[in-house]
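Right, one structure below, let's go through it.
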Amino acid sequence: MALVAGEPSGDALGAALMPALRERAPGPVEFLGVAGPQMCAEGMASLFAMSDLTLMGLAEVVPSIPKVLRRLRQTARAIEAWQPDAVVTIDAPDFCFRLAKRLHGRAGPLIHYVAPTVWAWRPG
């Protein structure tokens, strides 16, 4: 199972999701993707430090764009090569939706866990 979290809140959600997935799986479950310390504590093999994606403010984001794009390519290539049963992206829609677009038709089913804030808070 590929899991991708790009924010501390997603790391916490992913860490809670991992044991639930293990309980329901008919056999052992391996996890690969992008994780923070909580998901790693649950046995996740992270491709790189989630902090590479946790950026705030224009002054921090703009100089980091090339690095984030490299991480996006790295993540997509690793997941394509691994061919997991499913890909679960958690929160971090800027990174995760771009990843899902790259992986569409190239990896297992794509599931986004946690709707973007605008969906959750939009009236009507």
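What follows is calculated from the coordinates using simple rules that are stated; it is not laboratory data. Just so you know, these numbers come straight off a predicted model, no measurement behind them. In this analysis, Cβ positions are derived from the backbone assuming ideal geometry, glycine residues included, and neighbour counts consider all displayed protein chains.
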Spacing of the two label points (7 Å from each Cα toward its C-beta) at Lys101 and Ile65, in nm: 1.4 nm
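Starting from 0.36 nm per residue, how many nanometres of slack lie between Ala45 and Ala16 once their C-alpha separation is accounted for? It would help to have the intermediate numbers written out before the result.
On the way: separation 29, 0.36 × 29 = 10.44 nm, distance 1.58 nm.
Length difference between fully extended and current span is 8.9 nm.
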Calculated mean projected area of the Cα convex hull in nm² (choose from (1) 14.6; (2) 8.4; (3) 10.6), label: (2)
Contact order normalised by residue count of the chain, Cα under 8 Å, 6+ apart, percent: 29 percent
Estimated 222 nm signal from helices in the chain, with DSSP H stretches of n ≥ 4 weighted -39500 (n - 2.57), rounded to 500: -16000 deg cm²/dmol
Simple label model, 7 Å out from Cα along Cβ direction - Ala86 to Arg73, nm: 3.1 nm
